[in-house]
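Participant: Here it is, the structure in full.
The values are calculated or read from the model by the stated rules, or taken from the named source; none is laboratory data. Keep in mind that what you see is a predicted model, and the values were worked out from it rather than measured. No Cβ is skipped: glycine too gets one built from the backbone with ideal geometry, and neighbour counts run over all protein chains shown.
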Amino acid sequence: MGTGASARGLPRQGEGIEAVGRGGAESSAPRRARLLPQPRRSSRLGRTARGDRRGGAPHGGRHGSGDRIDRAGWRPDLGEHIATRLGWGVLGAADIARRAVLAAIAASANGRLVAMASRSPERAGAMLAPYPDARVTESYEALLADPEVDVIYNPLPNHLHKEWTIRALEAGKHVLCEKPFAMNAIEAEEMASAAKASGKHVMEAFMYRFHPAMRAFVEQLRDPIHVEATFGFTAKDPSDIRLQAPFGGGALLDVGSYAVSVSRWILGEPGEIFARARIERDIDMTTSGLLMFDGDRTASVWASLESPGAENLTVVAAGGVHRRERPFTAHRDPQDPYQLMVESFGDSVLNDRPVAIPPAESIANMRTLDRIREASRS
């Protein structure tokens, strides 16, 4: 493996991008507001994923408010369904669940961890060891049929996002689906249609958008002119699904989705797109792109699975240059954006409010990713 784009003949971070491929100009849509709706916080705060006491049990058991609640976490006085805490089920024993999301669910003010389904029950059991009230189910289908599960978290490999998100929606569950939302925009549209037909909520798990410091960074921008978003690392294990084309591997979908998301969050929808990529074993190991926006504004996005660690965001605005290191992965300092994301989604479910990252936003992000992929291979 090389040491990044420059070692492979691609532009270095921050350098101009030669127009070797075009994504085709689209009519510029009216510029939208840069900020998505602020995630709502429950008035009943639980324990943070770090263990900071703020009232309430971290998972299952007694509810910190003192309300009468049964073992399933339901308040019987408010009907047959839950009113304070949603039951969460997890599809697959993914590493991101172990590292961050299980703790976020368990610590959330309006959720509790109920079960995990995995094709490796032993791995799932080990992951659930810190959460004694949660259990391993015998299959994905059994998890979707579990009456105690209200919300499904789907961190399965990219090629399984559409299938199991739609199956969960059709089973009457709300779904928080890991990024990238789908393999392409067509799949994303099918997932959004399934959510609409089912009457259930679906949201892409872009936790970085819930980070208080990240939101503050975007809010303070005035008249942004150029965005440079980079995210890269070295994927060393040949068996890593991020290096497997059938599983939806590649730098663009894995880390490029962040760079594209933040560029669109700040600048809106792009017009013309130029891109290039280094392809190996039918996946893009490194992709760089130049996105053109109305008003002569631009974004440079760079994603790599073969570089030293690189994760930075720079915004040139009318009032100066703004930089943020680790814009996509910094968390728990002190608030945990995974927990904020879980609570925001739970609030939307419990109060039937629009989710903070609506399906239309995820579809638009996938469309831009599709256009970058097409341009880089033309």
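Participant: So, in region 112-136, how many residues would count as being among the small types (Gly, Ala, Ser) and assigned to a helix (DSSP H, G or I)?
Facilitator: The number of residues fulfilling the criteria is 3.
Participant: Separate question: For region 344-374, enumerate the residues that are buried (at least 24 other Cβ atoms within 10 Å of the Cβ) and more than 14 Å from the chain's Cα centre (by Cα).
Facilitator: Residues satisfying the conditions are Gly346, Thr368, Leu369, Ile372.
Yes/no matrix, rows are residues, columns are (1) touching a strand residue (DSSP E or B) at 6+ places or on another chain (Cβ under 9 Å); (2) more than 16 Å from Glu374 (Cα to Cα); (3) in a loop (DSSP other than H, G, I, E, B); (4) of a type outside the set (Lys, Arg):
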{"position": "Leu221", "(1), (2), (3), (4)": "yes, yes, yes, yes"}
{"position": "Pro246", "(1), (2), (3), (4)": "no, yes, no, yes"}
{"position": "Leu252", "(1), (2), (3), (4)": "yes, no, no, yes"}
{"position": "Arg264", "(1), (2), (3), (4)": "yes, yes, no, no"}
{"position": "Glu269", "(1), (2), (3), (4)": "yes, yes, yes, yes"}
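Participant: While we're on this one: Counting only residues that are touching a helix residue (DSSP H, G or I) at 6+ places or on another chain (Cβ under 8 Å) and without any contact (Cβ under 8 Å) to a residue 60 or more places away in the chain, how many does region 235-250 have?
Facilitator: The number of residues fulfilling the criteria is 2.
Participant: Still on this structure: So if I check each of Ala103, Ala117, which one is more than 19 Å from Ala171 (Cβ to Cβ) and either among the small types (Gly, Ala, Ser) or modelled with pLDDT under 95 (or both)?
Facilitator: Only one candidate passes the filter, namely Ala103.
Participant: Within region 230-239, does at least one residue satisfy the condition of being assigned to a strand (DSSP E or B), more than 19 Å from the chain's Cα centre (by Cα) and either surrounded by fewer than 18 Cβ atoms within 10 Å (Cβ to Cβ) or among the aromatic types (Phe, Trp, Tyr) (or both)?
Facilitator: Within region 230-239 (the criterion being assigned to a strand (DSSP E or B), more than 19 Å from the chain's Cα centre (by Cα) and either surrounded by fewer than 18 Cβ atoms within 10 Å (Cβ to Cβ) or among the aromatic types (Phe, Trp, Tyr) (or both)), the answer is yes, since at least one residue qualifies.
Participant: Residues of region 290-309 being within 16 Å of Gly232 (Cβ to Cβ) and either surrounded by fewer than 22 Cβ atoms within 10 Å (Cβ to Cβ) or within 21 Å of the chain's Cα centre (by Cα) (or both), which ones?
Facilitator: Ser300, Val301, Trp302, Ala303, Ser304, Leu305, Pro308, Gly309
Participant: Follow-up. Any residue in region 273-286 that is farther than 19 Å from Asn365 by Cβ and touching a residue at least 24 places away in the same chain (Cβ under 8 Å) sitting within a Cβ distance under 9 Å of a residue that is surrounded by fewer than 23 Cβ atoms within 10 Å (Cβ to Cβ) and of a type in the set (Val, Ile, Thr)? List the pairs, counting only those 6 or more apart or interchain.
Facilitator: These pairs meet every condition: Arg276/Ile17; Arg276/Val20; Met285/Ile279.
Participant: Ok, one more. Here are some residues: Ala195, Ala142. Which one is at pLDDT 95 or above and closer than 22 Å to Ser344 by Cα?
Facilitator: Unique residue meeting the criteria: Ala195.
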